1. How many percent of the accessible area of chain B is carbon or sulfur, using a 1.4 Å probe?
2. Please give the net charge around residue A:83, taking every other residue with its beta carbon less than 12 angstrom from that of residue A:83, where Lys and Arg add +1 and Asp and Glu add -1.
3. Which whole-number percent of Cα pairs in the stretch A:18-73 have a distance greater than 16 Å?
4. How large is the accessible surface of residue B:10 in square angstrom, using a 1.4 angstrom probe and rounding to the nearest 10?
5. Give the B-A buried accessible area in Å², both sides summed, 1.4 Å probe, nearest 100.
6. If you count only protein heavy atoms with a 1.4 Å probe, what accessible area per residue comes out for chain B, rounded to a whole Å²?
7. Percentage of Cα-Cα pair distances in chain A greater than 23 Å, rounded to whole percent?
8. Taking a Cβ-Cβ separation under 4.7 Å as the criterion for a possible partner, which cysteines of chain A have none?
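The values are calculated or read from the model by the stated rules, or taken from the named source; none is laboratory data. Everything quoted here is computed from the prediction, not taken from an experiment. Methodologically, a virtual Cβ is constructed for each residue, glycine included, from the backbone with ideal geometry; neighbour enumeration extends over all protein chains shown. Calculation scope for accessible area: heavy atoms of the full protein, side chains included, ligands and nucleic acids excluded. Shrake-Rupley method; radii C 1.70, N 1.55, O 1.52, S 1.80 Å.
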Amino acid sequence: SAVISQKPSRDICQRGTSLTIQCQVDSQVTMMFWYRQQPGQSLTLIATANQGSEATYESGFVIDKFPISRPNLTFSTLTVSNMSPEDSSIYLCSAKDPQETQYFGPGTRLLVL
Amino acid sequence: LAKTTQPISMDSYEGQEVNITCSHNNIATNDYITWYQQFPSQGPRFIIQGYKTKVTNEVASLFIPADRKSSTLSLPRVSLSDTAVYYCLHFSGGYNKLIFGAGTRLAVHP
């Protein structure tokens, strides 16, 4: 199974600033994804991180607000730009292994003041 | 988008068997069925996955009828530590991504 780590685990940020979240997988994966989870709610898919090309965003999410990079097979970053209190959430990195099983990181808990 | 329906919440007691049923009426021929468990302040954890009939691992069993329009996750002899949210999803292999529904909140009582 793939083990996914995220940095930072949590952060408190001021509105108008940006935060970059890093995701590292310990083994080869095919796909990487970013999700958001509001407290007490289910997960919402933000985008699929594509290696070497622009991410594929879901409806309601745009690159200017959530730029994503994936420079290699096992690493990705998500930036939350120009943050507002509505961006306070848990952001989760996910990856699918060659056996089609999808794993999740522990999440990054973000609070925007 | 893949859509599933499952009970919002369930209650059980330690030592009982818990069965959570999920309906996925629009499942496609090539879709797999997968279940995740999520504890508070943690990412979802993969439990079990199947295509048809029955799958069993060290944690749970998954029962899928012939028409594949529903599935049942069976947790034998639950303990307090099984209190969590359980998500049922179906997806196709390859590019297809996991879309989460509301999940089932299972509360296990002493």
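1. Answer for chain B: carbon and sulfur cover 53 percent of the accessible area.
2. Taking every Cβ under 12 Å from that of residue A:83, the sum is -1.
3. Details: 720 of 1540 pairs.
The calculated P(r) of the stretch A:18-73 puts 47 percent of pairs beyond 16 Å.
4. Surface open to solvent at residue B:10 totals about 50 Å².
5. Protein heavy atoms only, the B-A interface buries about 1600 Å².
6. 50
7. 21
8. A:13
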